[in-house]
2 protein chains.
Amino acid sequence: MTILDPSVGYFILINTFTVEPEKAEALLAILSKATEDVFLHAPGFVSANLHISDDRRHVANYGQWRSKKDYEQAGKNPAVQSHMREAAKLVSSFEPVFYDLVKVQAAEREA
Amino acid sequence: MTILDPSVGYFILINTFTVEPEKAEALLAILSKATEDVFLHAPGFVSANLHISDDRRHVANYGQWRSKKDYEQAGKNPAVQSHMREAAKLVSSFEPVFYDLVKVQAAEREA
């Protein structure tokens, strides 16, 4: 379970991968393994949240880190680079964008 | 506060807007107002989560809905279409993608 709360000030990375639909599951497996093998043990890692699009042509990883520095430090691990090379072989493109969460607007929870 | 939990099965819309940096704040204001005026009162709306990129060239709205049907129904409201026309004037492009959240991997919370 992941919590989105602007007051915490996490560094957010949304990485959107474009992929042929039949390769989407393999991509999810690689991204999930990279998190399990490396990021879960990295200082400052908070969460990775994997999404697959309706048409299976996009995979998005919504990542939370304590700071940009922590993220960059983790990226230097050779195991990350090896996982990313594997992922790159499967995708036609990927676009990582670094964000701040600025506002949450939520409905009252249903009873 | 927003909770990401794959077991709930929400319909997710990540809408990524590309914008000139000096227009990013105005875009955030329009998107936030659309949520306040319409979506917060729409059946099945769960949350909107607004992000701005480091370089202010991207704005991303991470939206949760109970179902795709609820989202589509809300989109028929003329007020939504009016807000979206306003937003379209500010941006150079936008890309809405519909997702399922399939996996969350989170670090143990720090004490």
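Some notes on this structure:
- Any hit, the range A:62-72, residues being over 25 Å from B:ASP55 (Cα atoms), open to solvent by 50 Å² or more (accessible area, probe 1.4 Å), facing chain B (nearest Cβ under 10 Å) and of a type outside the set (S, T, N, Q): no
- Residue satisfying condition, being without any contact (Cβ under 8 Å) to a residue 60 or more places away in the chain, aliphatic (A, V, I, L, M), out of contact with any Gly (no Cβ under 7 Å at 6 or more places or on another chain) and surrounded by 14 or more Cβ atoms within 10 Å (Cβ to Cβ), within set B:ALA107, B:ALA79: B:ALA107
- For the range A:13-27, filtered to residues that are within 14 Å of B:ILE14 (Cα to Cα) and of a type in the set (A, V, I, L, M), the residue that is farthest from the other protein chains (Cβ to nearest Cβ) is A:LEU13.
- Residue list for the range A:53-72, filter: of a type outside the set (Ser, Thr, Tyr) and over 12 Å from the mean Cα position of the chain (by Cα): A:ASP54, A:ASP55, A:ARG56, A:ARG57, A:HIS58, A:ARG66, A:LYS68, A:LYS69, A:ASP70, A:GLU72
- Checking each residue in the range B:79-111 for being charged (D, E, K, R), more than 13 Å from chain A (Cβ to nearest Cβ) and in contact with a helix residue (DSSP H, G or I) (Cβ under 9 Å, 6 or more places away or on another chain) picks out only B:GLU86.
- Scanning the range B:53-101 for residues that are among the hydroxyl-bearing types (Ser, Thr, Tyr) and not in a helix (DSSP H, G or I) gives B:SER53, B:TYR62, B:SER67, B:SER92, B:SER93, B:TYR99.
- Cβ pairs under 9 Å, 6+ apart, first in the range A:15-28 and without any contact (Cβ under 8 Å) to a residue 40 or more places away in the chain and surrounded by fewer than 19 Cβ atoms within 10 Å (Cβ to Cβ), second among the charged types (D, E, K, R) and outside any helix (DSSP H, G or I): A:PRO21/A:ASP55; A:PRO21/A:ARG56; A:PRO21/A:ARG57; A:GLU22/A:ARG56; A:GLU25/A:ARG56
- The set of residues in the range A:94-104 being open to solvent by 40 Å² or more (accessible area, probe 1.4 Å), of a type outside the set (D, E, K, R) and over 21 Å from A:LYS33 (Cβ atoms) consists of A:PHE98, A:VAL102.
- Output for the range B:1-23, where each listed residue is assigned to a helix (DSSP H, G or I) and out of contact with any Leu (no Cβ under 6 Å at 6 or more places or on another chain): B:SER7, B:VAL8, B:PRO21, B:GLU22
- Every pair of residues 6+ apart whose Cβ atoms lie under 8 Å, when the first sits in the range B:58-69 and is on the phi > 0 side of the Ramachandran plot while the second is open to solvent by 10 Å² or more (accessible area, probe 1.4 Å): none
The values are calculated or read from the model by the stated rules, or taken from the named source; none is laboratory data. As the structure is a computational prediction, the values presented were derived from the model and not from experiment. In this analysis, Cβ positions are derived from the backbone assuming ideal geometry, glycine residues included, and neighbour counts consider all displayed protein chains. Areas reflect the complete protein model, heavy atoms only, side chains present, ligands, DNA and RNA absent. Shrake-Rupley method; radii C 1.70, N 1.55, O 1.52, S 1.80 Å.
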